[in-house]
Amino acid sequence: MPRAIQISAFGGPEQMQLVDLPVGEPGPGQIRIRHHACGLNFIDVYQRTGLYPNALPLALGMEGAGVVEAVGEGVTHLKPGDRAAYASNPPGSYSEVRVMPAKTVCRLPDGIAFETGAAMMLKGLTAQYLLKRSRPVEGLEPGDHVLFHAAAGGVGLIACQWARALGLQLIGTAGSAAKCQLALEHGAAHVIDYSHEDFASRVKEITGGRGVKVVYDSVGKDTWDKSLDCLRPFGLMVSFGNASGPVPPFAPGMLGNKGSLYVTRQTLFTHIATREATQEMADDLFGVVGGGQVKIRIDQRYPLAEVAQAHRDLEARKTTGCTVLLP
């Protein structure tokens, strides 16, 4: 039987076990895919710990690439033998083979390798909806400043490059000089090492006191308050993760006092709720990757059986760029 990573209780990396899981035929609207590579993302940690609860036992993983082995009734955009990649609910990509819903699975262009496909779908589609679909009320124009936390991570390095292609002045934050240099090399206009600098003060300095139109924040609790102080009037705070913990409750009145700000909490899976939206976003991503404007940096590779170490390294912020697991 094919092998997969599963947890039977929420907790630390030690909860993940390599198990044999039976895989049958796809039903209506489903496919069976054999993975060549699987993506690693912080949402996997949230699901492993129970911050984002799911029913147990739970097969983990939200992103993968491989070859379609079989399709169920009603699936017309894929056929057996197709190269494919996805970011998708329900979890289960940490596996050799799985049956899954077909609607968010896309054909992978021949010029994009399986490892690249597995590394880029969740992170790349996230960067797409952030920069293209989560925009401030006054819009974004070439030359505008935006603040992007964790700029040397998987989503961050894609966003740095994509923002540069759009003509935006991306200010990236990271936790070390080496990570700041990585963000600069990938298109950030400015970088701030928040382990040594007050990023709110630096943002005001960089923008001549005006602040940025939008902050993209996957860090959460540790960056929230100062991020609001970085926004210009009518600016937009886009929360899309909780790497340092969930944002504490706050009084909405503070948004008025800080300049009539907007706040939104985004998730990729709302944006890719339909086949049409998924394909449109994926085509945009495939276009910038295939055209060379965005290069997918894979800095870590682990055998599927060593997924616990991969999670430890991710949580310890030892990783940069993207990470893939190899079945």
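The values are calculated or read from the model by the stated rules, or taken from the named source; none is laboratory data. Keep in mind it's a predicted model, so treat the numbers as computed, not measured. Backbone-built Cβ (ideal geometry, glycine too); neighbour counts: all protein chains shown.
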Just one of the numbered conditions (1) farther than 25 Å from A113 by Cβ; (2) polar (S, T, N, Q); (3) touching a His at 6+ places or on another chain (Cβ under 9 Å) is not true of N54; which one? (3)
Within region 312-327, of all residues that are under 16 Å from the mean Cα position of the chain (by Cα) and not polar (S, T, N, Q), the one farthest from I296 (Cα to Cα) is E315
Restricted to region 34-91 and to residues being more than 16 Å from the chain's Cα centre (by Cα) and among the polar types (S, T, N, Q), the residue nearest to L21 (Cα to Cα) is N54
Helices (runs of 4 or more DSSP H) contained in region 238-327 and holding at least 1 residues among the β-branched types (V, I, T), in contact (Cβ under 8 Å) with a residue 40 or more places away in the chain and at negative phi: 275-290, 307-315
Hey, Y94 surrounded by fewer than 21 Cβ atoms within 10 Å (Cβ to Cβ), closer than 29 Å to E315 by Cα and under 22 Å from the mean Cα position of the chain (by Cα) or not: no
Go through region 132-171 and give me each residue that's surrounded by fewer than 24 Cβ atoms within 10 Å (Cβ to Cβ) and among the aliphatic types (A, V, I, L, M). V137, L140, A165, L166
Which of (1) surrounded by fewer than 18 Cβ atoms within 10 Å (Cβ to Cβ); (2) under 21 Å from L122 (Cβ atoms) is the odd one out, the single condition L58 does not satisfy? (1)
How many residues, within region 5-44, are modelled with pLDDT under 95 and not in a loop (DSSP other than H, G, I, E, B)? 2
Tell me the residue from G245, G253 that is touching a Lys or Arg at 6+ places or on another chain (Cβ under 9 Å) and surrounded by fewer than 17 Cβ atoms within 10 Å (Cβ to Cβ), please. G245
How many residues does region 61-89 hold that are surrounded by fewer than 21 Cβ atoms within 10 Å (Cβ to Cβ), modelled with pLDDT of 95 or more and not aliphatic (A, V, I, L, M)? 11
